[in-house]
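The values are calculated or read from the model by the stated rules, or taken from the named source; none is laboratory data. Computed from a predicted structure; not experimentally measured. Cβ sites come from the backbone with ideal geometry, for glycine too, and all protein chains shown count toward neighbours.
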Amino acid sequence: MKPRRPRRRGAFTPYLFLAPGLALFAVFRVYPLLEGLWLSFTNARLGRAQHVFVGTANYARLLDDTRFHVSLLNTAYYTIASTIPILAVPLLLAVALNRGVALRTFLRGAFFFPFTLSVVTVGLTWLWLLDPVIGPSTYYLRAAGIPVRSWLADPNTAMWAIILTTVWWVTGYYLVIYLAGLQDIPRELYEAAALDGAGGWRSFWSITMPLLRPVFLFVLVTHVIGSFQIFGQVFVLTNGGPGDATRTVVQHLYETAFQNFFHFGSASAMAWVLFLIILAFSLLQFRLLRGHTQY
Amino acid sequence: MVLVAIAWLLPAVWVLVTSLKLTENIVRVPPEWIPWPVTIAHYGEVLFSSSRTARIGRAFFNSTVVSLGSVAVVVLTSAMAAYPLARMRFRGRSLIFGLLVGSLMIPNAVILVPQYVLVQRLGWLSTYQGLIVPEAAMTFAFGVFLLRQFFLTIPSELEDAARIDGADPWQIFTRIVLPLSQPVLGALAIFAFRSAWNDFLWPLIAVNKPDMFPLPVALALLRGAYAAESYGPIMAGAVLSALPLLIVFLVANRRIVEGVRVSALKG
C-alpha cells in the first residue's frame, strides 16, 4: 500500500477525512437553517408545489396572532417559573452527595436514571401519578388532608405539573454537572475557612457559591435554551390545555405546520423568532462567562 | 439522602408495579405497591396484539434499527472529521471547527419545517434513512467536539513512529488512533443512542405510517388508543421503552456520567 503521490496526497488528506461528516452537516443542518429563513418570507404550505416571496407578511401576521402571543407568554412563564427549582434542586442534591456519603455512585445513579428516559415515558409516568381519580399522589395528598383538584385540568396548576415533571426528568443531568464543578473546588479552601472559624453555611456562601458561578451560568443558559423549546411534556400531559393554558411556542409551531393549517411559511417565521430569542440568550452566556471565568 | 433517592425512584417503581398488575387491581385505592397476583399479560398485549395505531413490538424493532444506524453514522463521521481537526494543519481548520461548535446552538425545533421539506423531497418520509440521517446530523457536531478533545491528548510520538514505518494517514487513523480511543468512542455511542432512542419531535412529523413509528411516537399514541383507566398496557410500553438504556446505564454508569461532564464543557 505505497502511496502513489506522496506530496500532493498530504494536501488533500484532511479534507478527505472531513468530507462525509461535513456533507452530512451541510445538507441536514446548515441548509435547513437557511431554507427555513427563506421559507419564512414565502407562502409555502404542505403539499403546495410552488411558493412565492411574500415579504414580511408572515412576521406581520405573528404580530396579530394572539395564540402565538399566548404561546410565547406561556413559554416565558414556564421558563422563569422552572428556573429556581432547576437551579436549586440539583445543587442541593450535589452538595449533599459531595459530602462523601455512602453509596454515592448508587445515589447519583438513582437521580440520573429519569434522564435516560424519553420525554414520552416521563410524561406518561406523571400522567398516571397525577391521575385525579386513581393516581397515587391524589390519594396520599387527600389522606394528608390536602384538597386535591385535577392538576392537569386546572389552568392554575397545569403548568406547575409540567414543571414538576421536568424537574424529575432533568435533575440528574444537572446534578452530574454540579458535582463536577464541586469537585474542581480545592479542598484546602474549605480547610482554611474552617481554621478561620467559618461554619458550613458560611463557607457554602463564601466559597462554594462564588466558585460555582460558571457552572451556574452553564446550567441556567442550557435550561433556558431547552425551556424555550419545550414540547414533549406538554404534548403528552396536557396537549396545550386546559384551553391554551400550557400551549408553548414549539407546540404552536408544530400545529401550524403539521396539524391545522400546514402553513410552512408562518411556522418558519415562528421558528426564526424563537431562534433569535435563543441566540440572544446564548450570546448573553458568552458575555457573562467571559466576565467571570478568571478568579 | 438514601431516602430522598428512593423517593426519587418511586415514580419509576410505580410504573413498573402498575405494568405487572391485573387490570382490576390497577384502579384499586389505596394504591398497592406490591403487584399481586403478578401478570405479564399487559406486556403480551402491547408487544403482539395492540391496537392498529401503536404496536409496541414493531416500534421497539424500529427504534433499535434507527438508533443503532444513527450511532454507526455519528461515530464514523465524527471520528473521521475530528481526526484532522485535532492532528493535522490545513487551511480552514479553525473556521470549520468554529462553525461546528457554533452550530451546537441551533435548536432542533428551528429547523423542523425545512428539514421536513428536505426529507420529503428526498422521498425519505416514513423510512429508516429519513430518521437515521437527520438524527445523526443532530449529534454530529457534538461528536466532533467530544472526540477532538480526546484526540488532542494522544501523544504524537505514536503517529510519528507509524509514519516512519510507512503507514498512511488512514492506517494511522484506523490502527492507532481509533483503538486508543475506545472509551470516548463508547461514550459517544451511548450519547448518540440515547438521543436517537428518545427523540420524539422529529419522528412525530417524519413518520406517518404506523408500521414505521419508533417507540416514543407509538407510546404517545398508545395513550390515545386506550381508555383513561387502562394504564396497564401503557405502563408496560413505558417499561419496555426504558429497558435498553437502563441496561446500558447499569453496565456503563461511569461512562455516561463522563459523557455528560464533557458535554457540559461544550458551552
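If you go through region B:39-63, how many residues are within 14 Å of chain A (Cβ to nearest Cβ) and either farther than 30 Å from residue B:234 by Cβ or assigned to a helix (DSSP H, G or I) (or both)?
7
Which count do you get for residues in region A:1-28 that are at pLDDT below 95 and farther than 19 Å from residue B:93 by Cα?
7
Table: residues versus (1) among the β-branched types (Val, Ile, Thr); (2) more than 30 Å from residue A:46 (Cα to Cα); (3) in contact (Cβ under 8 Å) with a residue 40 or more places away in the chain.
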site	(1), (2), (3)
B:168	no, yes, no
B:171	no, yes, no
B:181	no, yes, yes
B:187	no, yes, yes
B:235	no, yes, yes
B:248	yes, yes, yes
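Please work out which residue is surrounded by the fewest Cβ atoms within 10 Å (Cβ to Cβ), limiting yourself to region A:53-82 and to residues that are hydroxyl-bearing (Ser, Thr, Tyr) and more than 20 Å from the chain's Cα centre (by Cα).
Here the residue is A:66.
Could you tell me whether region A:178-190 includes any residue that is hydroxyl-bearing (Ser, Thr, Tyr), within 14 Å of chain B (Cβ to nearest Cβ) and under 25 Å from residue B:15 (Cβ atoms)?
Checking region A:178-190: not a single residue is hydroxyl-bearing (Ser, Thr, Tyr), within 14 Å of chain B (Cβ to nearest Cβ) and under 25 Å from residue B:15 (Cβ atoms).
Filter region B:1-15 down to the residues that are more than 7 Å from chain A (Cβ to nearest Cβ) and without any contact (Cβ under 8 Å) to a residue 12 or more places away in the chain, then identify the one that is farthest from residue A:100 (Cα to Cα).
B:10
Of all residues in region B:71-112, how many are within 11 Å of chain A (Cβ to nearest Cβ), over 18 Å from residue B:173 (Cβ atoms) and in contact (Cβ under 8 Å) with a residue 60 or more places away in the chain?
4
Search region B:212-255 for residues being within 17 Å of the chain's Cα centre (by Cα) and β-branched (Val, Ile, Thr), and hand back the single one that is modelled with the lowest pLDDT.
It comes out as B:251.
Is it true that some residue in region A:26-41 is within 17 Å of residue A:274 (Cα to Cα), part of a helix (DSSP H, G or I), away from every other protein chain (no Cβ under 14 Å) and of a type outside the set (D, E, K, R)?
Within region A:26-41, not a single residue is within 17 Å of residue A:274 (Cα to Cα), part of a helix (DSSP H, G or I), away from every other protein chain (no Cβ under 14 Å) and of a type outside the set (D, E, K, R).
So which of A:112, A:106 is in contact with a helix residue (DSSP H, G or I) (Cβ under 7 Å, 6 or more places away or on another chain), within 12 Å of chain B (Cβ to nearest Cβ) and among the aromatic types (Phe, Trp, Tyr)?
A:112
Residues to consider are B:100, B:112, B:131; find the one that is at pLDDT 95 or above, under 29 Å from residue A:277 (Cβ atoms) and buried (at least 19 other Cβ atoms within 10 Å of the Cβ).
Result: B:131 is the single residue among B:100, B:112, B:131 that is at pLDDT 95 or above, under 29 Å from residue A:277 (Cβ atoms) and buried (at least 19 other Cβ atoms within 10 Å of the Cβ).
Would you tally the residues in region A:196-239 being within 14 Å of chain B (Cβ to nearest Cβ) and surrounded by 15 or more Cβ atoms within 10 Å (Cβ to Cβ)?
27
State all residues of region A:187-237 that are at pLDDT below 85, on the phi < 0 side of the Ramachandran plot and not in a helix (DSSP H, G or I); if no residue qualifies, say none.
Across region A:187-237, the qualifying residues are A:198, A:199.
State whether the residues of region B:28-40 include one that is on the phi < 0 side of the Ramachandran plot, of a type in the set (A, V, I, L, M, F, W, C) and in contact with a Leu (Cβ under 8 Å, 6 or more places away or on another chain).
The answer is yes, given that some residue of region B:28-40 is on the phi < 0 side of the Ramachandran plot, of a type in the set (A, V, I, L, M, F, W, C) and in contact with a Leu (Cβ under 8 Å, 6 or more places away or on another chain).
Could you figure out which of (1) in a helix (DSSP H, G or I); (2) in contact with a Ser or Thr (Cβ under 6 Å, 6 or more places away or on another chain) isn't true of residue A:51?
(1)
If I filter region A:136-147 for residues that are surrounded by fewer than 21 Cβ atoms within 10 Å (Cβ to Cβ), within 21 Å of the chain's Cα centre (by Cα) and not charged (D, E, K, R), do I get at least one hit?
No, there is no match, as no residue in region A:136-147 is surrounded by fewer than 21 Cβ atoms within 10 Å (Cβ to Cβ), within 21 Å of the chain's Cα centre (by Cα) and not charged (D, E, K, R).
Which numbered condition in (1) surrounded by fewer than 22 Cβ atoms within 10 Å (Cβ to Cβ); (2) among the hydrophobic types (A, V, I, L, M, F, W, C); (3) within 14 Å of chain A (Cβ to nearest Cβ) is the only one that residue B:36 fails?
(3) is the only condition that residue B:36 fails.
Residue by residue through region A:148-160, note down the ones that are in contact with a Leu (Cβ under 9 Å, 6 or more places away or on another chain) and either surrounded by fewer than 17 Cβ atoms within 10 Å (Cβ to Cβ) or part of a loop (DSSP other than H, G, I, E, B) (or both).
Hits for region A:148-160 are A:148, A:150.
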